Every structure is written in structure tokens, then in C-alpha cells.
Amino acid sequence: MKLSLLILACVALIISSCAQNQTLPDWITEFEHDPRYYSSLAIVNTHNPDYRMIARDYAAQEIAMQISANIEAEITLKESEISGIADTQYLSLVRGNTRASLQDLSPVRSHSDGSKYYVWYRISKADYLAQRMRERDLALSKIRDWLDKHDLDGTEPASKIIFLVSALDQIADFLDMDLRYKGKDLGTELFGRLHDLTVALDYRWDQDTVLMIAKDSNPRELSGAVSFGSSKDPAARIPLSFQTDSIELSPTTISDANGRFELLVTRIDSFEREQYISLGFDHAHYEHMFGSTAAYELFRGLHFASKRIKVLVSRPKIYLDYAYVSGYQGGYKDSITGYLANLNLDATSKLEEAQYILEIRIFAKPGDYISSLDYYTAFADIQMTLKDPENGATINYVEQLNFKSGGSSRQAAARNTEKEAAELIGDGLLYRFLYEYLIR
């Protein structure tokens, strides 16, 4: 009985579905793409109150993909004409960033059966092409103006770059189209000037090699100059970027009115002997000027030469200021010097050579006499301070109070206190104290 009811329910569902399909208009059931149009049939559930907007967004997305596919095909045919440009990367941007003008998108027909909403959108390919041609002609007119300003005698290199950036932003959406304007191919002219720009800009460091000290807290300035053209005229207001693996510095700068630039190196953390800083053109400086993502990616694809400076790195020198404050001197300063060497840090006896002062004070304090053991105890306070020799400022400070030791006499207890305090320093206290500033 239950099986029979189930079969009847399934039959009823099938009949209902068939009946529903029979009520759908022919433009839905027999929908085909007309080659004269970009078109889309969107079907969405009506349970969402914004179903009409959802359907329009879906159709707009599908039509935009059809348009971008057409643009991609046209650019592929013109690939050889886009000289010096990363074509594959550009085509991927076309697929995701087509600026299809769909503001006039309106439904041709729509239908709702209560649970689903069907809507048919289309745009005439001829009308769309005519609109793009109007937009292209307007863009070409602006591009011609930008190129004319670029070519004026006396125009500064920084201004030339801005003119080319403006022209590229205008042209990027029309690379699939004929770019001739008043008898000149502006696409070829623009990309030719962009290529010439990468050759004309030249920059140099004032030194090929510099000597610097790792972990030095004092900033160091490096300098150089930017020039333009075969005459090597100074190039003002050119944005520059710097790349390095282990040197802290300002990542960008801009050349001054004389084409000069300065780079502030704030710190070197690596002890690697040979390190490098690469100087190059800062594409990102112009990102805010681009309305087209595709145009900016084309600009980023321009290859400017880079110049490296070699940095020969030496280890920091530490001046050890050690004192055991007691009437019994054991002399463990040499042990502390050895611990510094084990940490790959150099000690110097000349204060003027030091990048850091390591001040260590061990203050001895008498303890008790344990008569049953015939044993004397002693205590010590350990204080360590890392200082900047330039101004005496404290960089780091640590103390360990009431460190306990002992011996068979008061003198032996006091001396053992210094010995064991020095061992404690070498066993890890010194490493932890210097780690953040000189070891990491």
C-alpha cells in the first residue's frame, strides 16, 4: 500500500513538472544566442526579495564575459603589434577586468511562474561596437595631446612619465581596436616611447662598495644620482625603490631638483660578509594615477634596469667595562671577553672604535658563617647595562640580585662569588641580554 502511494506521488510530481514546463514561453524553452547580440537568459528563485537585481547582475556578468572573450580574440590577432608588453598577463586581466558599458542593459522579456523568475537581456553587437568606437576616438584624441606634451623640448623627465602614464591609462581598454588617429598609429607610438623611457633613465650610486657594521644603531646615508638621455642630464623628481634581503632602510625615495638621492640605512641584522642593495624605478609611485587595472599591470611590466651597491659588513665592536666591587679581586674580565667571542661578537679595548659599551658590575655582599660546616656564604648583585657610546644612552639593562655562593673562608667565598657570577653570565645571562640587540 505504501509503495503504491509513493508511485502515485512520483507520477503526480512528474505530471506537474511537465505541465509547468508546457506553460513556459517559447523564448525560454527554445532560447538560442543570436549572433547579432550579446545575450543572456537568467533564471533565479523568487524567494529572494532582490531576485530581479540578482537576475540582472547575473546577466550582466555573462554578457561581460562574452565581450571580454571577443576582446581577447581580437588582441590575440594583434599580438605582434603590442611590442614589449606582457601579452599573456594582459589577456588574463581582460578576462577579469573588462569594462563593459552595460548601463543601458534592459530586459527584452521576462516571465515568472511563482517560484522562478526568467529574464532575457541582450545588447546589439553593432550598437556596442559603435559605442566603443566613440569612446576610443575620444581616448585617442586625449592620447594625442599627452604624446604631444611628452615630445615638447624642455619637458622634464618626471613630466614625460606622467604624460605617458596618462596616455597608457586611456589606451589600455582599446588595444583590440584600430588605434590610428589622423594617420598615425598611436598604440605603436605610445609603446615605443614607453620602451625609450626604460632606456633613457639611468641611475648610479656614488660608490660601488661601502663598508658597514652589523647591528650598528647609528644610521648611515648612501647617495647617488639619476640622469636622463644620452646627455646624462640630471633627472629631478624620479621615484626610486630599493630592494635588499637583510638591511633595514627606507624602501623608496625621490630624486631632488639636481637628480640626487639619499638612502638612509638604519640597521643591518645579518652578519653575512657581502650584502647588496638594488636600486630601481618605483612603478608603484604611479599606481594612484591609473583608473584601469589592466593599464597599471602593463606599466608594471616595463623593465627598467637596476643598479646594485655592495655592502661589506663587519661585526659590531663592544667595549667591555667590567668591575668586581669587592676587596678581593679575582679578575674574570677575560672570561667575559671569551664569552663575547663565543657569541661571534668582537671586543675592543679602544672606546672610540666601539659601537656599544657593555658595562658589567658585580657587587659582593658578605653572608653568614655556618659553624657546623665551617663554611662562609657570600652574595652578589649582578648588573649589566648596554650603552650607546655616542651619547651614553642606555639601550638595555638587566640585574640579578642576591646571587649566592660560598667558601671555606670569607676571602674564598668572595672570590667564588665573582667566579660563579661570571659563569652564570656566560651560561646564558649574557646571551639573553644581548640577543634582541646584537645577536638576533
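The values are calculated or read from the model by the stated rules, or taken from the named source; none is laboratory data. These numbers come from a predicted model, not from an experiment. Ideal geometry is used to build each Cβ from the backbone, glycine not excepted, and the neighbour counts take in all protein chains shown.
Taking the conditions exactly as written (hydroxyl-bearing (Ser, Thr, Tyr), in contact with a Phe, Trp or Tyr (Cβ under 8 Å, 6 or more places away or on another chain), more than 18 Å from Arg204 (Cβ to Cβ) and surrounded by fewer than 18 Cβ atoms within 10 Å (Cβ to Cβ)), does Ser250 satisfy them or not?
yes
Assuming Ile309 fulfils every condition listed in (1) without any contact (Cβ under 8 Å) to a residue 60 or more places away in the chain; (2) within 30 Å of Arg273 (Cβ to Cβ); (3) crowded, with 16+ Cβ neighbours inside 10 Å apart from one, which condition is it?
Tallying (1) without any contact (Cβ under 8 Å) to a residue 60 or more places away in the chain; (2) within 30 Å of Arg273 (Cβ to Cβ); (3) crowded, with 16+ Cβ neighbours inside 10 Å, Ile309 fails exactly one: (1).
Which residue is farthest from Lys333 (Cα to Cα), if the candidates are limited to region 395-405 and must be over 47 Å from the mean Cα position of the chain (by Cα) and not polar (S, T, N, Q)?
Once the filter is applied, the top-ranked residue is Lys404.
Write out, first by first residue and then by second, each pair whose Cβ atoms fall under 7 Å of each other, whose residues are 6+ apart or on separate chains, and whose first residue, in region 388-403, is under 10 Å from Phe433 (Cβ atoms) while the second is surrounded by 13 or more Cβ atoms within 10 Å (Cβ to Cβ) and polar (S, T, N, Q).
Close Cβ pairs (under 7 Å, with a partner that is surrounded by 13 or more Cβ atoms within 10 Å (Cβ to Cβ) and polar (S, T, N, Q)) amount to Tyr397/Thr385.
Can you list the strands (runs of 3 or more DSSP E) lying wholly within region 186-304 that have 3 or more residues being within 30 Å of Glu352 (Cα to Cα) and in contact with a Pro (Cβ under 9 Å, 6 or more places away or on another chain)? Walk me through how you get there before you give the answer.
Numbers: elements: 201-205, 209-213, 220-228, 239-243, 247-249, 252-254, 260-268, 274-281.
Strands (runs of 3 or more DSSP E) meeting the threshold: 260-268.
Please find, within region 148-159, the residue that is farthest from the chain's Cα centre (by Cα) out of those that are touching a residue at least 12 places away in the same chain (Cβ under 8 Å) and surrounded by fewer than 21 Cβ atoms within 10 Å (Cβ to Cβ).
Lys149
Among strands (runs of 3 or more DSSP E) lying entirely in region 346-391, which contain 2 or more residues that are of a type in the set (Asp, Glu)? I'd like the intermediate steps shown before the answer.
Numbers: elements: 346-348, 356-370, 375-387.
Those strands (runs of 3 or more DSSP E) span 356-370.
Could you look through region 335-381, keep only residues that are among the small types (Gly, Ala, Ser) and touching a helix residue (DSSP H, G or I) at 6+ places or on another chain (Cβ under 6 Å), and pick out the one that is nearest to Asn396 (Cα to Cα)?
Ala347
Here is a list of conditions, (1) part of a helix (DSSP H, G or I); (2) more than 50 Å from the chain's Cα centre (by Cα), and Leu434 meets all of them except one; can you say which number that is?
Among (1) part of a helix (DSSP H, G or I); (2) more than 50 Å from the chain's Cα centre (by Cα), the lone unmet condition for Leu434 is (2).
Check whether at least one residue in region 396-407 is of a type in the set (Lys, Arg) and closer than 21 Å to Ile357 by Cβ, and report yes or no.
Residues of region 396-407 that are of a type in the set (Lys, Arg), as a first pass: 404.
Going one step further and asking which of them are closer than 21 Å to Ile357 by Cβ, we end up with none.
Within region 396-407, not a single residue is of a type in the set (Lys, Arg) and closer than 21 Å to Ile357 by Cβ.
Residues Ser371, Ser408: which one is within 25 Å of Gly331 (Cβ to Cβ), assigned by TED's automatic domain parsing to the domain that holds Gly426 and over 59 Å from the mean Cα position of the chain (by Cα)?
Checking each option against the conditions leaves just Ser408.
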